[in-house]
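The next block holds one structure in the form of C-alpha cells; read it before the comments.
The values are calculated or read from the model by the stated rules, or taken from the named source; none is laboratory data. From a predicted model like this one, the values you see are computed outputs, not experimental measurements. All Cβ positions, even for glycine, are placed from backbone atoms using ideal geometry, and neighbour counts span all protein chains on display. When the accessible area is computed, the model is the full protein with side chains, heavy atoms only, and any ligands, DNA or RNA have been set aside. Shrake-Rupley method; radii C 1.70, N 1.55, O 1.52, S 1.80 Å.
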Amino acid sequence: MTDNFIRDLCERVKDHAARKAPLRIRGGGTKDFYGARVDGEPLEIGAYAGIVAYEPRELVLTVKAGTRLADIEAALSAQGQMLAFEPPHFGEAATIGATVACNLSGPRRPYAGAARDFVLGARIVNGKGEDLSFGGRVIKNVAGYDVSRLMAGAMGTLGVLTELSFKVLPRPPAESTLAFEMDEARMIDTVNRWAGQPLPLSATAWEGGVLRVRLSGATSAVAAARAKLGGNEVADGPAWWESLREHRLPFFEADRPLWRLSVAQTAAPVPATHPQLIEWGAGLRWVSGSLETQKVRDLATSARGHATLFRYGDRAAGVFHPLAPAIAKIHRRLKDAFDPAGILNPGRMDNF
C-alpha cells in the first residue's frame, strides 16, 4: 500500500499543479476549524496510517501521517513513554499529520518544548509532486536548514506530510496538581519566579483568580516541590489538564470568538475586559469574546507577541497576525520553492 499510495499521491499532485487546481489537505478533520478557509478538492490522508518503526530504547518513533493520535499514544503508553509536547486532539479522529502541520502543543509545551522541537524527520510530497525526505530517525544535532521542522506549523502549504519521525520521552513516574488563589498580576510574577527555580514544573493555568500548577518527575522531586510550594492538592488533576488541553472547560464552551495571544511570559496583564484563561507560564493568553481585530492585535504587539483568531469570529481581517515585511518575503519565497503552482492549501495561512 505504501508504494501505491505515495505513487498515486505524486501523480495527483502533478496533475493538479499542471491545471493549477487547488487541493485541500485533510486528515481526520478535527483541525478544519483552524486557519483561514480553503477552497479546493479534498485530499484525504487519513487512510495512510500505521507505525512504520518504533524503537523504545532509542526513544524514536516513525509513523505515517494519517495515524491517529490515540493509537500513537496507546503504543507509547504501553512502553511507559509519551509525546512530550502533549498535543490536543479536538476529536477522536485526530491524526499526527494534522497535529504537526498546525504545530499544536498542549499544557506541557513551555517546559518540554513544542511539537516542532520533537520532529526528527519528515517525508512529504511537495507541490511539484515530488516525494522528498528530510531529517532522519536518529537523535542528532542538525546542521544547516532543518526542513523537517519547517513543516511544523506550515499548515500543509509547503507539502503533503506522509511520514514523520519523532523523539519521544519516558512518562514521569509521579505527578501532582496544586491550586492557589491569587490575582493575575501576582500569578504572572509567581510563575516566572518559580520558572527560575529547580522545580519539576510541567504546566500552569490561571482562570478566575485560581492558579493551577502541575508537577511532574521523580516521586521524591514532586513530593519536595509540593511541600515547598504549598497550595491545595487537586484530586482530579489529570482529568482537569486533559479538559484544558481539549478545550472542554466551561471557558471554551461558548460559541464566541476565541483569541489566542502568544506573548512574553513576563508581560503585564492584557487589559481586556473579556474572560481570560492563561497558560504556559503566562506566555499563552486565551481571550474569549468579540473584540475588534486591530485592537486585540495591538494588545498582543504591546505585550511583545502576536494574536490569532483561533475559533469562530469574523475572519475577513485574517486569522493570523500580519507578518513583518521581511518575514513575509521569506514565507513567499519558501512557498514558491515548495509549491510554485500554489495548489496546496492555498489561503490556509491567510496570504500564503
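Descriptive notes on the structure:
- Of the residues making up region 228-249, those that are open to solvent by less than 70 Å² (accessible area, probe 1.4 Å), of a type in the set (A, V, I, L, M) and not in a helix (DSSP H, G or I) are Val234, Leu249.
- Residue check for Glu181: within 21 Å of Glu279 (Cβ to Cβ) and of a type outside the set (Ser, Thr, Tyr): yes
- Tally of residues being over 25 Å from Ala221 (Cα atoms) and aromatic (Phe, Trp, Tyr) across region 159-196: 1
- Test: residue in region 151-173 that is touching a Ser or Thr at 6+ places or on another chain (Cβ under 7 Å), outside any loop (DSSP other than H, G, I, E, B) and under 22 Å from Arg245 (Cα atoms): no
- Some residue of region 270-278 being of a type outside the set (Ser, Thr, Tyr), within 15 Å of Arg109 (Cα to Cα) and touching a strand residue (DSSP E or B) at 6+ places or on another chain (Cβ under 9 Å): yes
- The condition of being at pLDDT below 95 and loosely packed, with under 15 Cβ neighbours inside 10 Å holds for only one of Asp3, Asp8, Asp15, Asp32, that being Asp3.
- Odd one out for Lys31, checked against (1) within 27 Å of Arg260 (Cβ to Cβ); (2) in contact with a strand residue (DSSP E or B) (Cβ under 8 Å, 6 or more places away or on another chain); (3) in a loop (DSSP other than H, G, I, E, B); (4) touching a residue at least 12 places away in the same chain (Cβ under 8 Å): (2)
- Complete set of residues in region 298-352 that are without any contact (Cβ under 8 Å) to a residue 60 or more places away in the chain, closer than 21 Å to Gly156 by Cα and in a helix (DSSP H, G or I): Ile327, Ala328, Lys329, Ile330, His331, Arg332, Arg333, Asp336, Ala337
- On inspection, Ser148 qualifies as buried (at least 19 other Cβ atoms within 10 Å of the Cβ), within 18 Å of Phe85 (Cα to Cα), modelled with pLDDT under 95 and under 17 Å from the mean Cα position of the chain (by Cα).
- Summed over region 41-84, the residues that are surrounded by fewer than 13 Cβ atoms within 10 Å (Cβ to Cβ), in contact with a helix residue (DSSP H, G or I) (Cβ under 9 Å, 6 or more places away or on another chain) and in a strand (DSSP E or B) give a count of 1.
- Test: residue in region 117-126 that is more than 29 Å from Gly313 (Cα to Cα), at pLDDT 95 or above, of a type in the set (D, E, K, R) and open to solvent by 30 Å² or more (accessible area, probe 1.4 Å): yes
- Scanning region 251-287 for residues that are over 28 Å from Leu199 (Cβ atoms) and in contact with a Lys or Arg (Cβ under 6 Å, 6 or more places away or on another chain) turns up just one, Leu258.
- Qualifying positions in region 76-112 - of a type in the set (Phe, Trp, Tyr) and in contact with a strand residue (DSSP E or B) (Cβ under 7 Å, 6 or more places away or on another chain): Tyr111
- Considering only residues in region 204-227 that are hydroxyl-bearing (Ser, Thr, Tyr) and part of a helix (DSSP H, G or I), the one that is surrounded by the fewest Cβ atoms within 10 Å (Cβ to Cβ) turns out to be Ser220.
Condition check ((1) closer than 14 Å to Glu207 by Cα; (2) in contact (Cβ under 8 Å) with a residue 60 or more places away in the chain) across all residues:
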position	(1), (2)
Pro257	no, no
Arg260	no, no
Ala268	no, yes
Ala282	yes, yes
Trp286	yes, no
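- Search result, residues across region 300-337 that are out of contact with any Asp or Glu (no Cβ under 7 Å at 6 or more places or on another chain) and open to solvent by less than 30 Å² (accessible area, probe 1.4 Å): Ala300, Ala303, Gly305, Ala307, Thr308, Leu309, Phe310, Ala328, Lys335
- Count of residues meeting criterion [open to solvent by 20 Å² or more (accessible area, probe 1.4 Å), under 19 Å from Asp314 (Cα atoms) and in contact with a helix residue (DSSP H, G or I) (Cβ under 8 Å, 6 or more places away or on another chain)] in region 250-289: 2
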